[in-house]
1. How would you order 298-306, 179-187 from highest to lowest mean count of nearby Cβ atoms within 10 Å?
2. Measure out, as a whole number of angstrom, how far apart the alpha-carbon centroids of segment 136-159 and segment 236-250 sit.
3. Using R₀ = 51 Å, calculate the FRET efficiency as 1/(1 + (r/R₀)^6) where r is the Cβ-Cβ separation of Glu100 and Asn263; round to 0.05.
4. Using only Cα atoms and rounding to the nearest 10 degrees, what angle (0 to 90) does helix 288-302 make with the longest principal axis of the chain?
5. How far, in nm, would the chain grow between Lys121 and Met207 when pulled straight, counting 0.36 nm per residue and subtracting the alpha carbon separation?
6. Top mean-square fluctuation among Met61, Met207, Met156, Gaussian network model of the chain, C-alpha springs under 10 Å?
7. Looking at (1) 128; (2) 115; (3) 167, which value of volume of the Cα convex hull per residue in Å³ comes from a calculation on the structure shown?
8. Nearest 5 is fine: what % of DSSP beta bridges in the chain come out antiparallel, could you say?
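Bear in mind these aren't lab numbers, they're just calculated from the coordinates by the rules spelled out. Keep in mind the model is a prediction, meaning the values are calculated, not measured. Note that each Cβ is placed from the backbone with ideal geometry, even for glycine, and that neighbours are counted across all protein chains shown.
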Amino acid sequence: MNKKQKFDALCNGKLQVGEALFYPILMHFAARFNGNNYGEFASNYKVLVESNIKCLEFFDMDMVSLISDPYRETAAFGAPIEFIPEGVPICRKHLVETIEDVINLTIPDVYKNERTFDRIKGAGYYQQLLNGTVPVMGWIEGPLAEACDLTGVSEMLLMLMIDEDFCNRLMDKCLQTGKDFAKAQIDAGCDLIGIGDAICSQIDGEMYNLMVKDRHIELIEYIHSLGARVKLHICGNTTHLLSSIAELNADLFDPDYLVDQSNCLAALGKDVVRFGNINPIFIQNATPEEITKICKEVLDFEKGNKFILSAGCEITVNTPIENLLAMSHSRKNF
């Protein structure tokens with residue numbers, strides 16, 4: 001059984017007890033492991049893909065991804081993005097300040113912008129190198145996250161409270177772009193799409209239900225209609241959103257380390273594949289023995305559940321190689 005078949009078996013509830021999948025989010029770590037800097041990783045699909053495959057093989061991971069930074073769609077909308085060697089790319093200008101800016105904002109063609117097309121090409125390059133044997137996860141920004149990328153975080157959070165029309169118009173354009181970008185990646189070979197909407201952890205449940213939830217449902221339904229699975233990733237403490245997230249019909253969910261997995265399991269049920277959700281700083285700073293111990297504790301709790309061993313968020317660039325190996329080895333004989 002190859003890794004793609006094992007992933008499908010897990011999602012379908014047919015993976016045998018005694019097996020566990022392992023997939024940590026790798027970006028800066030993967031770049032450096034392959035001898036590249038973050039700027040090269042975020043700007044060149046071949047560097048991104050080859051870095052991830054090197055980690056896949058060395059750490060015996062069960063999935064690869066196209067995640068790199070939040071500014072692919074933002075660039076397609078027309079924002080200037082600057083690459084820096086050892087850090088996340090920087091958006092140098094927010095495109096949206098007024099309702100007129102929202103009205104005039106043109107939904108981009110994701111095939112015609114260099115940054116979005118680079119990610120699309122990455123999906124095809126994965127399939128060229130892996131021949132369909134490993135699940136490939138594409139990535140898009142969620143509607144609220146992309147609205148924040150275009151407007152500014154503080155500015156968008158304020159608009160949520162004072163200008164519903166502004167927010168609805170903007171997030172509808174972000175939603176359509178997310179659909180277009182997801183479809184392009186699926187057409188190029190992605191088996192599932194990750195939706196990153198981290199800012200949702202910073203709004204209350206009432207605001208999420210009013211402004212975001214229905215857009216998440218629509219986006220997930222659309223991706224499902226294309227034959228792909230969906231992973232929802234929201235950084236931070238999402239405990240107050242779990243009852244709403246349970247209604248989205250996402251296939252996989254990333255609870256950050258601030259979320260108690262027993263609460264997450266109770267809210268989402270056994271049909272959703274959960275990742276998790278060890279603190280990335282612990283993984284960076286602990287000894288391999290300490291990491292093995294906590295991973296075994298996590299896996300003992302998750303026995304019989306749909307679960308993928310991971311950190312709560314991205315593995316830090318300074319994490320020792322031995323520590324990530326300890327995570328990988330710990331899931332044997334699950």
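1. Numbers: 298-306: 14.8, 179-187: 21.0.
Per-residue mean Cβ counts within 10 Å order the peptides as 179-187, 298-306.
2. 18 Å
3. Efficiency, rounded to the nearest 0.05: 0.70.
4. 80 degrees
5. 27.3 nm
6. Checking each option, the largest mean-square fluctuation is seen for Met207.
7. Answer label, from the structure shown: (2).
8. Details: 2 of 26 bridges.
Restricted to the chain, the bridges split so that about 10 percent are antiparallel.
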